[in-house]
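These notes concern the structure reproduced below.
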Amino acid sequence: MNLIAQNIAELKAELPAQVKLVAVSKTKPLSAIEEAYASGQRIFGENKVQELVTKYEGLPKDIEWHMIGHLQSNKVKYIAPFVSLIHGVDSLSLLKEIDKQGKKCNRKVPVLLQFHIAEEETKFGFSMDEVVSLFSTDLIQNFNHVQISGVMGMATFTENNSQIKKEFDQLKKYFDQLKSTYFLKDEAFKEISMGMSGDYKLAIEAGSTMVRIGSTIFGSR
Ligand SMILES: *Cc1c(COP(=O)(O)O)cnc(C)c1O
């Protein structure tokens, strides 16, 4: 078995069955993704639109491509036809644009609402207040081409595990609150995307349903 396949097998053995593995392949060549694909991996995450499109075009069509990075509205059109999940939706204007582009290609684009849970100011995301006011308007009901499938967040980059745990617990609370208030009957609203190479074990303990793992699979970037 090659190293990438081995890393994936080890991770899969560790992840609870309900937790999906997004293999984060950003900056890695097609050949690395092909190795992962050959071992059975089908979900890949990228953080740049151009790179995502190039890889989509060059690789098998049964791959599920996830956009995990910050997304600019003017680039939504390039990925709307094929993207399986957009993790980092952090503004009303971005939601509007995804709805518009989803309509053009006649599909409902699955997205996650990104929350700002970390201490660092540089990380993107909504606050709970912003999301509550978003849902208090009926604007959101008019988005027929966006499927809000859950939440996403990134913890502070720190060695302090109790800090990380606190932030993941917070995201889980946001999810539960949104689920019970707005999505009780919506089965599609079910994902909590949290956890990367350095903190996925803590994320799973806190209720993650989807981990985004790059360097543990493909090596450092
Ligand atoms: C790069 C990246 C990851 C993966 O990070 P690793 O530490 O390599 O596992 C996860 N999520 C996002 C949003 C990323 O940009």
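The values are calculated or read from the model by the stated rules, or taken from the named source; none is laboratory data. Quick caveat, the model's predicted, so the values are computed rather than measured. Every residue, glycine as well, gets a Cβ built from its backbone with ideal geometry; the counts of neighbours run over all protein chains shown. Ligands, DNA and RNA are excluded from the accessible area calculation, which covers all protein heavy atoms including side chains. Shrake-Rupley method; radii C 1.70, N 1.55, O 1.52, S 1.80 Å.
Below are the figures for this structure:
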{"quantity": "Model label zone, Met128; criterion: amide N under 15 Å from point 7 Å along Cα-to-beta-carbon; scope segment 176-211", "calculated": "176-182"}
{"quantity": "Tensor-based shape of the chain (alpha-carbon gyration tensor, a/c under 1.5 rounded, otherwise prolate or oblate)", "calculated": "oblate"}
{"quantity": "Additional length obtainable on full extension of the chain from Lys104 to Lys179, 0.36 nm per residue less Cα span", "calculated": "24.1 nm"}
{"quantity": "The chain: calculated mean residue ellipticity at 222 nm from DSSP helix runs of at least 4, using -39500 (n - 2.57)", "calculated": "-12000 deg cm²/dmol"}
{"quantity": "Estimated distance in nm for a label pair at Lys61 and Glu121, the labels positioned 7 Å out from Cα along Cα-to-Cβ", "calculated": "4.8"}
{"quantity": "Difference of contour (0.36 nm per residue) and Cα-Cα distance, His70 to Ala9", "calculated": "19.1 nm"}
{"quantity": "Heavy-atom accessible surface of segment 55-174: percent carbon and sulfur, 1.4 Å", "calculated": "48"}
{"quantity": "From phi via Karplus (6.51, -1.76, 1.60), per-residue ³J(HN,Hα) for segment 65-82 in Hz, x at Gly/Pro", "calculated": "9, 10, 8, 9, x, 5, 10, 8, 3, 5, 9, 4, 4, 6, 10, 3, x, 9"}
{"quantity": "Other-chain or far-sequence residues with amide H under 5 Å of Gly45's (modelled H)", "calculated": "Ala23, Val24, Ser25, His66"}
{"quantity": "Net lengthening on full extension, Leu30/Ser162 (0.36 nm per residue, minus Cα-Cα)", "calculated": "43.8 nm"}
